[in-house]
There are 4 protein chains.
Amino acid sequence: MTNRQLGVGVIGYGYWGPNLVRNFSNGISTHVVSICDLDPGKLATSQRLYPGVTTTSDFHDLLTNPAIDAVAIATPTRTHYDLALAALTAGKHVFVEKPLAPTADQVRRLIDEANRRNLILMVDHTFLYTPAVQKIRELIHTGELGEIYYYDSIRSSLGLFQSDVNVIWDLAVHDISIINYILKEKPISVSATASCHVDGSPENMAHITLFFDSKCVAHVSVNWLSPIKVRQTFIGGSRKMIVYDDVEPTEKIKVYDKGIILNPSSENAHQLKIGYRAGDMWAPHISTTEALQTEIEHFADCVMSNKVPISSAASGLEIVEILEAASRSITEQGRPVRLGQPIAFRKSA
Amino acid sequence: MTNRQLGVGVIGYGYWGPNLVRNFSNGISTHVVSICDLDPGKLATSQRLYPGVTTTSDFHDLLTNPAIDAVAIATPTRTHYDLALAALTAGKHVFVEKPLAPTADQVRRLIDEANRRNLILMVDHTFLYTPAVQKIRELIHTGELGEIYYYDSIRSSLGLFQSDVNVIWDLAVHDISIINYILKEKPISVSATASCHVDGSPENMAHITLFFDSKCVAHVSVNWLSPIKVRQTFIGGSRKMIVYDDVEPTEKIKVYDKGIILNPSSENAHQLKIGYRAGDMWAPHISTTEALQTEIEHFADCVMSNKVPISSAASGLEIVEILEAASRSITEQGRPVRLGQPIAFRKSA
Amino acid sequence: MTNRQLGVGVIGYGYWGPNLVRNFSNGISTHVVSICDLDPGKLATSQRLYPGVTTTSDFHDLLTNPAIDAVAIATPTRTHYDLALAALTAGKHVFVEKPLAPTADQVRRLIDEANRRNLILMVDHTFLYTPAVQKIRELIHTGELGEIYYYDSIRSSLGLFQSDVNVIWDLAVHDISIINYILKEKPISVSATASCHVDGSPENMAHITLFFDSKCVAHVSVNWLSPIKVRQTFIGGSRKMIVYDDVEPTEKIKVYDKGIILNPSSENAHQLKIGYRAGDMWAPHISTTEALQTEIEHFADCVMSNKVPISSAASGLEIVEILEAASRSITEQGRPVRLGQPIAFRKSA
Amino acid sequence: MTNRQLGVGVIGYGYWGPNLVRNFSNGISTHVVSICDLDPGKLATSQRLYPGVTTTSDFHDLLTNPAIDAVAIATPTRTHYDLALAALTAGKHVFVEKPLAPTADQVRRLIDEANRRNLILMVDHTFLYTPAVQKIRELIHTGELGEIYYYDSIRSSLGLFQSDVNVIWDLAVHDISIINYILKEKPISVSATASCHVDGSPENMAHITLFFDSKCVAHVSVNWLSPIKVRQTFIGGSRKMIVYDDVEPTEKIKVYDKGIILNPSSENAHQLKIGYRAGDMWAPHISTTEALQTEIEHFADCVMSNKVPISSAASGLEIVEILEAASRSITEQGRPVRLGQPIAFRKSA
């Protein structure tokens, strides 16, 4: 692949697939060779927009095409495992929509397959490549916020109800990927509750608490049935605090120089030793680069230089493990479920 | 008391007490006779503003004063039970800051005492008397929203850290009183998580899920350590949805004619039978009447006409039971705790 | 042209041209035959996106092409007159970017030419076709707002500085077209002030007041040098008032049932006979239809059915006359300039 | 007056008077001796709140009271001149509500009287003492914003219609006092337009442009008939720009590191030599000190130390001159009126 572009085949031209095709087409290091979808109408649309790309309704055509180095999978979650496994087995690098697969076991098998064949397996957690999340991670890792106390997020809007995954696999997965990326520690247990307001549908509203060994706590609230779109995250640190509002066209991140100060010399037992500190607010300029373009260049770079992606399959596994644990907690109305018990997990695999 | 104003003694002139004194003084049916506080500086301040009112540092002076018909208690939560019991025993009607008492058992004993003496015991859940909450209750009870799917609320700001109660007894108590008032059903169990970021302080951040027998779910997020003040509640119904933002100076309530519609004739198993409906938004005019004034007139009216208050001690008991159950769930990281098991509860009392 | 699509040639593929090509391509009643631009790079881009369309750098190629029924002109304002005149002379219907031409005289000559040849000449005042402006016009014309007292608008952002027109010909033209469309009366004079903060550039900031025979007044504030994007219009009526915020993704229009009430029986000479009325706010649902698509279908319909367009050349003339008068007022620091003196105007032509 | 508090008499206990009494009462260096109003009900109210203060309906009682060092005047504008002149003649320092007097001539006579008697004559332009305006002035005077290009302000809400002054004397006076205070130069001419929507009332909506010798321009938009309250000011500089929103409870001032950059080496005649620069936004922490308290302490300090106040009568004169010129421009629909022609002005006096 040296000195040339990565040839990409895209499976699935529904909601997200067109974004993948557009960005793989516009990428410096990538071009689209073929598009696969079961719907002839969608293939016709893609053909009209990208006359130079072939189309097919049989994904095997992509796997046997020597011009295709990598396969991007943007199909319903329940098909991710079979398609990714087939692509890896055919020697293709793989880029999969989030979540990587419906179960942690399946993710582990895909990782094994990718490792055995020395192929890149990357999961599309687009938010990690947004300038906003990159800036937040930087502010945390440089110590600007101090010790991290909490991550508290709301992600809600009206729709789209999914048929094969519930709201945590559809929306909370974004926050969990962000938490996993920006924090320096991993959660140790999870408590989650959820509810379903449409008979026969998956849960459309959920709340997840992630516990850490430190004082840090993360909470994620997701809802498919909200009258307005909310994408708001509060991150509290011992030195500063962030409000990250992704609905804002500009000023997505506001950094508050606010907090509490401890007064060790308080005499009164009933009086708290706490004072309040209020300083300036600062909104760093955030570039308007499209995250998916950055991510796709990163994928191409990982393939060409054999690097571990930011949204590696290993990180995708951690996220799926958290979603699995949250799902178990949901069935028990919030009973906490421990994470990071790899042996027990693997046994069941 | 016929043909005259209710004479009131106020115990506690700290954060909330001055508001009580101001409103009991301005009330048509009430006047303040005496103020009690342990801090001479606060008494001097009150004396300067209200020269006609006597002051004392001994609350027994209020209990023995025949000009005092009712005692209002605005002291730390841990003192509510003893003060309210003494006032009732002295034959005074009692108005107590929220929460009524630190334990459900104590509340039950106060209720027994009030009932035995045929005295009014009312808890100050001020939010129930705001024009906004009154309007929301009306919209729910007239069926305007349809079946209620969820109540989801955030109540956060920087401070004030309390020393004797944690954030759920300080802030979530407001939402629980509202939920208890506006919904037509009672929660059956609760899952809650919380965390503490200041050593030696009570929990400063918590998330509570309340389950109901129906599809309805309520969630309350509270935080003493937020960079900005948030007072936002989403209420989802099958017909309409509300966003209630108490930080807004006007347009506190927005009613959205939005929702989902079910399509029973969908053929595709994987395709959800759900459509989306987006209509007008409507912000009913909300009067700017001060809730505490309304509440105090209501208290006087209940005393004079021997009526059951909206924020009766019985409703205060339900709220304290929920807070107790949430506290137990917090110690077990979200394990659900059932509500409404009165016998077992009373046994432990 | 019966039973077939309108063949369109587009001149100018810079900032706005690509939007025209996209919408003329997607239109039910239109298709793009050829694109003309002087920049070979832009032609190459258009060719790549629309392989079936021919390209040329000579606009005469469009005028002589029998497959082209109409020409759309999206070039700098100073070229509008020559290009439109040439197109009309060649028998093509014409769709021109706003403003129609740099002077009212030129607009009159284009109108004469179009009338003589019975061709449609339409100016692209896109805002008139937005669902928001359509809704506002409806609210005014049904009497919902009562008598209109004022239209007060701010339209500002950072950039883009134009080289051949100042900020009123670039931005205020939008508001003037809206005012001309939604109100039932025409302005009779104008006072305007402007300033230039970049040597050698056109004015980048301006304020325009339009006077009417009635009590109504219109004010437009435009600025190319604002730190944030503002698109806010207040419309005051005797019965209701509108806030129209085009930056809002939803709830663009808010209708306030607010105003003053006159009390004719006031006795005090110094006391005003005015009371205040505050009622509900209502945000009608606004569809998200792209205005340019609506406008282009309307253009095709006008051509095919020989109808007068909403944004006719005659209305475009009124707008240019107001801009000319405002420009004269600007050179005299706000001295008012009368409108609607057609004879004197025509003499100078 | 050394070593003791300034004794103050307050004339007028209507809308603003109670704020003056409260702040003169709470001030470290001031106390209220007596309150004068023509309305016995208002006097009774003040007596109840301030039992130690005497009341009278005859302002002469204040002028002859030796315990009164200074008189504060919060009466309708048309009475300012007579009351202030009488107070100065009686040897009292004077603090007058804005605007100082209805005409510049009257202000000049008051200044003469104050100078002759070496008394402090200060006008209450409260906004100058807000932490926000103080911060803006600092940002301008330290050069943080660079060269100032514009001040553009909107100040509108529903009511209160005044009976004796129009909207520019009521609301625009605030902006003109701020402009006069924060900028380093004085306006040289003014163009203004206004309209009246209630028969028999003063103008309720106005727009004022102030021209300076430099590139700087100021524009003020005021309206008593707006559905929502707007208090928004944009200040553009060559280096940075400010958005000052006084309706915001916090983050009143946002400083944008944005602007244009000139590219002197542009080759294309039609292409502007302008680039755009977008950097961080910063909201300095603004204290919540009540401006009137700061102002009243400043007044006491000026009296005791014989200092020139920030809102001196001389600055009040400049403001009234601008309002007079704007009023003349309004009668001629925006025709510009020159400022700073003191001789002609004085002749008419």
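State, to one decimal in nm and shortest first, how far the label point of B:Gly279 sits from each corresponding label point in the other identical copies (label point: 7 angstrom along Cα-to-Cβ).
Label point to label point, same position, other copies: 1.9, 5.1, 5.1 nm.
Give the residue from C:Thr250, C:Leu225, C:Trp282 lying farthest towards the positive end of the charge dipole for the stretch C:207-334; charges sit on Cβ (+1 for Lys and Arg, -1 for Asp and Glu) and the dipole is referred to the Cα centre.
Selected residue: C:Trp282.
Tabulate in residue order the Karplus-calculated ³J(HN,Hα) for the stretch D:248-255, using 6.51 cos²θ - 1.76 cosθ + 1.60 with θ = phi - 60°, rounded to whole Hz; enter x for Gly and Pro.
Using θ = phi - 60°, the values come out as 4, x, 10, 6, 5, 10, 10, 9 Hz.
Which distances in nm, rounded to one decimal and ordered from shortest, link the label point of A:Lys215 to the equivalent label points in the other identical copies, with labels set 7 Å from Cα toward Cβ?
4.2, 5.1, 6.1
From the phi of every residue in the stretch B:205-222, what ³J(HN,Hα) in whole Hz does the Karplus formula 6.51 cos²θ - 1.76 cosθ + 1.60 yield, where θ is phi - 60° and glycine or proline is x?
The phi angles translate into 8, 8, 9, 10, 10, 10, 9, 10, 5, 7, 6, 5, 9, 10, 9, 10, 10, 10 Hz.
If you take the square roots of the eigenvalues of the alpha-carbon gyration tensor of the stretch C:56-205 and sort them as a ≥ b ≥ c, do you get rounded (a/c under 1.5), prolate (a/b over b/c) or oblate?
Oblate, because a/c is 1.5 or more while a/b does not exceed b/c.
Shortest first, in nm, what separates the label point of D:Ala67 from those of the same position in the other copies (7 Å along Cα→Cβ)?
The answer, with the shortest distance listed first, is 2.7, 9.8, 10.0 nm.
Sort C:53-59, C:121-127 for me by packing, meaning the mean count of neighbouring Cβ atoms within 10 Å per residue, highest on top.
C:121-127, C:53-59
Using a/c under 1.5 as the rounded threshold, could you call the protein assembly as shown rounded, prolate or oblate? The axes a ≥ b ≥ c are square roots of the C-alpha gyration tensor eigenvalues, and prolate needs a/b larger than b/c, oblate otherwise.
Oblate.
Count the lysine pairs in the stretch C:178-298 that are 8 or more places apart or on different chains: how many have C-alpha atoms under 15 angstrom apart?
For the stretch C:178-298, qualifying lysine pairs total 5.
Counting C-alpha atoms alone, how compact is the stretch B:67-148: give Rg to one decimal and Dmax as a whole number, in angstrom.
Looking at the stretch B:67-148, its Cα Rg and Dmax stand at 15.8, 49 Å.
Can you find, among B:Asn118, B:Leu171, B:Gly17, the residue sitting farthest towards the positive end of the charge dipole of chain B, where Lys and Arg contribute +1 and Asp and Glu -1 at Cβ?
Ranked along the dipole, the leading option is B:Asn118.
Can you compute log10 of I(q)/I(0) for the stretch C:127-267 with the Debye formula, treating each Cα as one identical point scatterer, at q = 0.12 Å⁻¹?
Once normalised to I(0) and log-transformed, intensities are -0.52.
Working from Cα positions, state the angle (0 to 90°, nearest 10) between the long axis of helix D:104-117 and the longest principal axis of chain D.
50
Under unit Cβ charges (Lys, Arg +1; Asp, Glu -1), what dipole magnitude, rounded to 20 debye, does the stretch C:214-263 have relative to its Cα centre?
180
Given the rotation that superposes chain C on chain B, what residue of C brings its beta carbon nearest the axis, and what is the distance in Å?
Here the nearest residue and distance are C:Trp282, 3.
Can you give the charge dipole size of chain A about its Cα centre, rounded to the nearest 20 debye, using +1 on the beta carbon of Lys and Arg and -1 on the beta carbon of Asp and Glu?
Computed charge dipole of chain A: roughly 540 debye.
With unit charges on the beta carbon (Lys/Arg positive, Asp/Glu negative), name the residue among A:Ile73, A:His141, A:Ser29 whose Cα is farthest towards the positive pole of the charge dipole of the stretch A:1-148.
Among A:Ile73, A:His141, A:Ser29, the one farthest towards the positive end of the dipole of the stretch A:1-148 is A:Ser29.
Helix A:40-49 sits at what angle to the longest principal axis of chain A, using alpha carbons and giving 0 to 90 degrees rounded to 10?
Helix A:40-49 and the main axis of chain A meet at about 90 degrees.
With θ set to phi - 60°, apply the Karplus curve 6.51 cos²θ - 1.76 cosθ + 1.60 along the stretch C:16-22 and write out the HN-Hα couplings as whole Hz, x wherever there is a Gly or Pro.
9, x, x, 5, 4, 4, 4
Evaluate the charge dipole of the protein assembly as shown about its Cα centre and quote only its size in Debye, nearest 20, assuming +1 on the Cβ of each Lys and Arg and -1 on the Cβ of each Asp and Glu.
0
Scattering from the C-alpha atoms of chain B alone, worked out with Debye: what is log10 I(q)/I(0) at q = 0.07 1/Å?
Log-scaled intensity ratios, in q order: -0.33.
At 1.002 mPa s and 20 °C, plugging the Kirkwood radius over alpha-carbon pairs of the stretch B:1-108 into Stokes-Einstein gives what diffusion coefficient in µm²/s?
156
Looking only at other chains, what is the average number of their beta-carbon atoms within 10 angstrom of each beta-carbon in B:284-296?
Whole-number average of other-chain Cβ neighbours for B:284-296 is 1.
First check a/c for the stretch B:110-196, with a ≥ b ≥ c the square roots of the eigenvalues of its C-alpha gyration tensor; if it is under 1.5, answer rounded, and if not, answer prolate when a/b is larger than b/c or oblate otherwise.
Judged from the Cα gyration tensor, the stretch B:110-196 comes out oblate (a/c at least 1.5, b/c at or above a/b).
Could you run the Debye sum over the Cα atoms of the stretch B:115-161, one equal point scatterer each and no solvent, and tell me log10 of I(q)/I(0) at q = 0.27, 0.30 Å⁻¹, two decimals?
After summing over all Cα pairs, the log10 values are -1.07, -1.14.
For peptide C:224-234, what's the mean number of Cβ atoms from other chains within 10 Å of each residue's Cβ?
Taking all residues of C:224-234 together, the mean is 6.
What nm value, rounded to one decimal, do you get for the distance between C:Leu160 and B:Arg239 when each label is placed 7 Å out toward the C-beta?
If labels sit at C:Leu160 and B:Arg239, their model points lie 5.0 nm apart.
Under 5 Å between amide hydrogens, which residues at least 5 positions from B:Ser189 or on another chain qualify, with H placed 1.01 Å from N in the peptide plane?
Here B:Phe211, B:Leu339 satisfy the definition.
Taking amide H positions as placed 1.01 Å from N in the peptide plane, with prolines and chain starts having none, which residues 5 or more places from D:His219, or on another chain, fall under 5 Å of its amide H?
It is D:Tyr151, D:Asp152, D:Ser153, D:Leu210, by chain and number.
Only counting other Cβ atoms within 10 Å, I'd like B:Cys216, B:Cys36 sorted with the fewest neighbours first.
Fewest to most other Cβ atoms nearby, the residues stand as B:Cys216, B:Cys36.
Taking the alpha-carbon centroid of each part, what is the distance from the stretch B:1-79 to the stretch C:25-42 in angstrom?
About 80 Å separates the Cα centre of the stretch B:1-79 from the one of the stretch C:25-42.
Coordinate-derived values only; no laboratory data. Note that the structure is a prediction, hence the values are computed from the model and not measured. Glycine gets a Cβ as well: all are built from the backbone with ideal geometry, and neighbour counts include every protein chain shown.
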